[in-house]
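One structure is given here, and the rest of the page talks about it.
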Amino acid sequence: MLTVPVETQIAFAGILFFLGLIGLLVRRNLVFMLMSIEIMFNSAGLVFIIAARHWNQPDGQVMFIFILAVTAVEVAIGLALILQVYHHFKTLDVDAINKLKDEN
Amino acid sequence: MILIYLIVILLAGAFLAWITGNMSRLLPRIISLTALSIDLIIIISYLVLSAPVNNKWMVDIHYEWIPQFGIGIHLAMDGLSVLMLILTFFLGIVSVLISWKEINTKVGFFHFNLLLILAGIVGVFLSLDLFMFYFFWELMLVPMYFLIGIWGHENRTKAAYKFFLYTQASGLLMFISILALYFVHGNSTGIYTFDYLQILGTHMSASTAMLIMSGFLAAFLVKLPVVPLHNWLPDAHSEAPTAGSLILAALLLKTGAYGLLRFIVPLFPEASVTFAPIGMALGVIGILYGAKLAFAQTDLKRMIAYTSVSHMGFVMLGIFSFNELAYQGVVMQMIAHGISTGALFIIAGQLSERIHTRDITKMGGLWGKAPFMGAIGLIFSMASLGLPGLGNFIAELLILIGAFKANVWMACFACTGLIAATLYSLRIMQKVFFGTENTKWEMKDLSIREKMVSLSLVLIIFGLGLFPQPVFDIAGPALLKTLENHTDKTIQLNEAQKSKTDLNTKLYFFNKIN
Amino acid sequence: MTTLIPFIPALPLLSFLILALFGGKLSRKAAGWIGAGSVGVSAILTVITGIHLIDSLPAIKSYSVIIWQWMHAGNLNATISFSLDSLSLVFCFVITFVGFLIHIYSIEFMAKDEGFTRFFAYMNLFVGSMLILVLADNILLLYLGWEGVGLCSYLLIGFWYKEPANGTAARKAFIITRIGDTAMIIGIFILFISFGTFNIQDIMHLASAKWASGSAIAVITAFLLLGGALGKSAQLPLQTWLPDAMAGPSPVSALIHAATMVTAGVYLIARTNILFSLAPVVQAVIAVIGALTLLIAGFSALAQHDLKRILAYSTISQIGYMFLALGVGAYSAAIFHFMIHAFFKALLFLAAGVVILVLNEEHDIFKMGGLRKKMPVVFWTFLIGSASLSALPLITAGFYSKDAILWFSYSANSGGIILWLAGIVGAFLTALYSFRMIFITFYGEAKTEPSFPAGKLMTVPLIILAVLSVIGGFIELPASMGTVHLFSNLVNNTLPIVDLKNVENMEGLFQLISALIAMSGIYLAYRFYYRKPAYMETFNYSRINHFFESGFGFDKVYYTFIVKPIIWMAEIDKKDFFDQLNISISRLALLGNRIVSLTENGKLRWYILSFAIGIAVILTLMMNK
């Protein structure tokens, strides 16, 4: 079996996180932003798995299960909010939802 | 105990007035009138029955409040404070009387604020504990903000903000100084206390003293007011209701002068002498610049407000002259200016009640319609320019002689202020009462209530001008006490000046006579 | 007897209070007689106390009485106290007596005016203040009277307040005299600080003891007091207010601007003469100012159209004579001329008042004429007054008083031929303009008809003053006409005797010259203004005439260099540039708000980006630790 050094694995998780972040920043559609957030969550979970393997502890994998649960809840609520946003604003463009702007 | 009663009666009256405000419009007025009259009677009968003893306080009360921090309730009255208290109560009564018909909305709340301001002023004049002094100083502030902001004229919000920000900011600087004084005193003697009598005579290095004094100066110079920190005054005075302007001009400004006399001069003997040339220069600038601005205005109340700046310049000049004559003049100016400028504001208020404008370009020729008001206006315009026979002359005379002893050139420049005063006073008379009628107003002359108020003020200003001795006798011991640490320093400064000026002969004679 | 002295100023002041408080309820007749009566009673009291004083001279020089302690603070002591000596007696006599006649006259003059009671109230206040001024024994009380008369002058010049021009004239008078008053108060400060007292006699004694003659401090103080005198007496350079002050009613011009207030400066210098003798430079300046003023005013009077303005410039000129006399140390001559001048000038103003009133407020002499036959009483009294003014030899009082001054201006030790020449040219001009007045106003064809005859209350005072203008001089005759020194003996109890050169024998010659000059002035007036030759017409339109008429351009200079700049300075900073500090602070705060609120743009992605950047920065900082 190939031994990949830990740094590479963490780097891989980091790149995944950044991809998610950039996706969050660049995409304007709320659904895609939600998907980017998913990617970021998953990368965080990946870090936990890597650490669990590195230290030979099962706690990391337990954390990943937690993260899966949280992610599921979060997606549920997020999608519900997106539905409400669509009903109100008739669009899913995040730049259109700027009602909290400072009216000067 | 009497001092506590004075403040408590005002506070009780304030709350009663607020509560009864919902029931009737007349009750709050009567309640505040009663509270102030009771206080005035108490203080006058106290003064008449017990004359001030030399160098001691007339009344001195001291209770513990928060001993861990050295804060106590220390109230004391001497000749200076008793005169200020009489002025406060009397002008409080006058302000209630003149707002009788003018304030018709939220009357209870109005009188609540009025009495709170007066209670704050009384506390300022009486406190000898620095913490309490600051407490009462701030207490004067907030109700006045409401007074201007709710019952004022068109630009009242801006004026109220300006007033509040200026006074609050300078008050905070004073608070920092108070704390600094607390710590300095504590470091040098081991006793941490806010008590004035114990802090007197704290040894501080020259630079520390200068810094701490600057904090106090910030508050008092803003209140006095001294150019260039005077900008809140014209706006606040012209936008406030008449009673507000009266209390502002006649009383609040005097708390600044009182602070200088009570705190700056005794607590910082060397630093105040070092500051004196700047102080006198600021005074002279205030006299001349205030007069110039007064001359240029077309809003009557703004004009009178700038004359206050000018008159308080004399006070500044007098306080930094450090001799007894100038100080007697300062006290007299505080009283006489309160009365005369107060009366002018009352006239402005009466006019704006009748013709609903303060613009003098729309007035003119009003003597024909209201000769009594015109005569009163004439008397107080003459007081403003310092006509002998009226109180302001005595004040300005003594201040100028005292300033002459300290610094000849400053006094000469200040004397040109007398000419400047003539310019604006005559302009008030000409534009309002004489000349052609720019607009044909239908207005009534003064009512009985207004006549009584005006006549009492006229009697007082003539009394001060022809019989000023009682004021001098009462204030004398207190002022000498203030100057205790100063005589040596002034002679030293004069000696140093001797080699600089070319009028050597003059100073030689001054020192000889001194 | 001394208890009567305080009543002399007190009665007019009491009458002022009564008229001011209850004037609305009194009838016109009552108000007028209360007003005039109080001054009359003061006149009687003056005579009584005066006789008593004259009896006690030369043993007792003055009577003093203290009313109350005005103030006492530190080493400053001032009392309300009066002192009557021969100098103040003369002034009191003139003020109350001439004042009484003027008040009587005013009862008829102001009869149709709506402000009748107000007028008498102000006049009484004036008489009271002027009496306080001359009776004060300390200089602070003198200053009170000084300012009081300034106030009354302001109120009375602007009496007809509905006309804005009157208000402007009144303010001009007040402000210019205030400039002088400020100089005076600084002088009073120096005196107090040097000597510790306000009492005039004490100051004089201490000054002669402690100050060297010609020392800097004496000169400065004397200059400052002179400044006050110049303002009140309308001498160069503060003389521009008096011609404009003619906007007030004629009785006011007679009382205040001829007989009394404008002579307050003369009184001050006479009263503090020791101080001036300690500063010979200042005395020389006084003489020069007097000489220059009398010339400038004389030339200006020659070019005026307005009857009262001629008289105003004439007053300035005659007071110039008094200053000339004071400058050379001829104090008694100055006071003598003051008294005689009060008589004939008040007469002239009152008569001019009758003319103006009767011709329906016509002031221009070129629109008058031919009044000799229509108003005989006024004509004859006016003629006597003008003759006295021109110093017609031997028969008028003016001759004796002016001649004394002319003689002393040469013969006094500090006098000289130049001062005398100025005086004699002035005398010539005086005769010229006085009779110009007479010939144009009373002779020739009538251009305006008098509408009603003048009543007794106006003509009787004229006659009394005319008589005084003739016989008043006989109490002081020079050596060449039988030495009668009744007046100077009285006054020299208080004032120093003039220091003379040894030229006694020239006196007759000088008198002859002045008599001839006066006569030639009258003759030339006849030639120029009665015969009216053609060259007078061209002269009337010439540039020199306009220059004289404008009072030598002083008004224009003051307006351009002082008044306009001050008004400009005031207007340009109306909003107070210090306020800009506040405005800039609040603008700064608003700017900050606008910048920072750019980050609150409601865009979600922007917020997320700021999170990301923040985290990056914090992580970097944590790494660096």
Could you list, in sequence order, all residues of region C:367-426 that are surrounded by 21 or more Cβ atoms within 10 Å (Cβ to Cβ) and charged (D, E, K, R)? C:402, C:403
Identify all residues within region B:442-457 that are more than 21 Å from residue B:357 (Cβ to Cβ), surrounded by fewer than 19 Cβ atoms within 10 Å (Cβ to Cβ) and among the aliphatic types (A, V, I, L, M); write none if there are none. B:448, B:452, B:455
Out of the residues in region B:340-399 that are acidic (Asp, Glu) and part of a helix (DSSP H, G or I), which is nearest to the chain's Cα centre (by Cα)? B:396
Any chance you could count how many residues in region C:149-174 are at the interface with chain B (Cβ under 7 Å from one of its Cβ atoms) and either crowded, with 24+ Cβ neighbours inside 10 Å or more than 30 Å from residue C:69 (Cβ to Cβ) (or both)? 7
Residue within region C:313-328 that is of a type in the set (Ser, Thr, Tyr), surrounded by fewer than 24 Cβ atoms within 10 Å (Cβ to Cβ) and closer than 17 Å to residue C:226 by Cα present: no
Picked from region B:223-237 (must be hydrophobic (A, V, I, L, M, F, W, C) and more than 18 Å from residue B:287 (Cβ to Cβ)), the residue nearest to the other protein chains (Cβ to nearest Cβ) is B:232
Filtered residues of region B:426-441 (kept if touching a residue at least 60 places away in the same chain (Cβ under 8 Å) and either part of a helix (DSSP H, G or I) or not small (Gly, Ala, Ser) (or both)): B:427, B:428, B:431, B:432, B:433, B:434, B:436, B:437, B:438, B:439, B:441
Looking only at region C:454-463, which residues are crowded, with 18+ Cβ neighbours inside 10 Å and at pLDDT 80 or above? C:458, C:459, C:461, C:462
Can you spot a residue in region C:94-117 that is farther than 29 Å from residue C:456 by Cα, under 19 Å from the mean Cα position of the chain (by Cα) and not basic (Lys, Arg)? no
Checking residue B:392 against (1) surrounded by 24 or more Cβ atoms within 10 Å (Cβ to Cβ); (2) within 19 Å of residue B:317 (Cα to Cα); (3) of a type outside the set (Phe, Trp, Tyr); (4) at the interface with another protein chain (Cβ under 9 Å from one of its Cβ atoms), the condition it does not meet: (4)
Looking for whichever is in contact (Cβ under 8 Å) with a residue 12 or more places away in the chain, assigned to a helix (DSSP H, G or I) and touching a strand residue (DSSP E or B) at 6+ places or on another chain (Cβ under 7 Å) here; the options are B:245, B:238. Which one fits? B:238
Total residues in region C:55-76, condition assigned to a strand (DSSP E or B) and away from chain B (no Cβ under 11 Å): 5
Taking first residues from region C:130-146 that are within 11 Å of chain B (Cβ to nearest Cβ) and second residues anywhere that are basic (Lys, Arg) and buried (at least 24 other Cβ atoms within 10 Å of the Cβ), the pairs with Cβ under 9 Å that are 6 or more apart or on different chains are C:142/C:271; C:146/C:232
For region C:532-611, which helices (runs of 4 or more DSSP H) that fit wholly inside it have 3 or more residues that are surrounded by fewer than 12 Cβ atoms within 10 Å (Cβ to Cβ) and not hydrophobic (A, V, I, L, M, F, W, C)? C:534-540, C:564-572, C:579-596
Is there a residue being at the interface with chain A (Cβ under 9 Å from one of its Cβ atoms), of a type in the set (A, V, I, L, M, F, W, C) and touching a helix residue (DSSP H, G or I) at 6+ places or on another chain (Cβ under 9 Å) anywhere in region C:584-605? yes
Can you list the helices (runs of 4 or more DSSP H) found entirely within region C:144-250 that contain at least 2 residues being touching a strand residue (DSSP E or B) at 6+ places or on another chain (Cβ under 9 Å)? C:200-210
Residues in region B:273-294: is at least one among the aromatic types (Phe, Trp, Tyr), surrounded by 24 or more Cβ atoms within 10 Å (Cβ to Cβ) and within 11 Å of chain C (Cβ to nearest Cβ)? no
Check whether at least one residue in region C:103-116 is within 24 Å of residue C:245 (Cα to Cα), part of a helix (DSSP H, G or I), within 11 Å of chain B (Cβ to nearest Cβ) and not hydroxyl-bearing (Ser, Thr, Tyr), and report yes or no. no
Quick one: how many residues across region C:551-567 are more than 10 Å from chain B (Cβ to nearest Cβ) and free of Cβ contacts under 8 Å to residues at least 40 places away in the same chain? 10
Working carefully through the options A:85, A:62, find the one that is within 14 Å of another protein chain (Cβ to nearest Cβ) and surrounded by 11 or more Cβ atoms within 10 Å (Cβ to Cβ). A:85
Which members of region B:462-481 meet the condition of being away from every other protein chain (no Cβ under 11 Å) and surrounded by 23 or more Cβ atoms within 10 Å (Cβ to Cβ)? B:478
Selection count where residues are charged (D, E, K, R) and under 30 Å from residue C:76 (Cα atoms), scope region C:147-191: 3
Residues to consider are B:208, B:202, B:157, B:242; find the one that is β-branched (Val, Ile, Thr), within 14 Å of chain C (Cβ to nearest Cβ) and over 21 Å from residue B:65 (Cα atoms). B:157
In region B:125-149, what residues are within 16 Å of residue B:177 (Cβ to Cβ) and crowded, with 20+ Cβ neighbours inside 10 Å? B:127, B:129, B:130, B:131, B:132, B:133, B:134, B:137
Within the group C:209, C:222, C:216, which residue is without any contact (Cβ under 8 Å) to a residue 40 or more places away in the chain, away from every other protein chain (no Cβ under 11 Å) and over 16 Å from the mean Cα position of the chain (by Cα)? C:209
When residues of region C:433-448 are filtered for being over 9 Å from residue C:369 (Cα atoms) and of a type in the set (Asp, Glu), how many remain? 0
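The values are calculated or read from the model by the stated rules, or taken from the named source; none is laboratory data. This one's a predicted model, so the numbers in the text were calculated from it and none came from an experiment. Glycine gets a Cβ as well: all are built from the backbone with ideal geometry, and neighbour counts include every protein chain shown.
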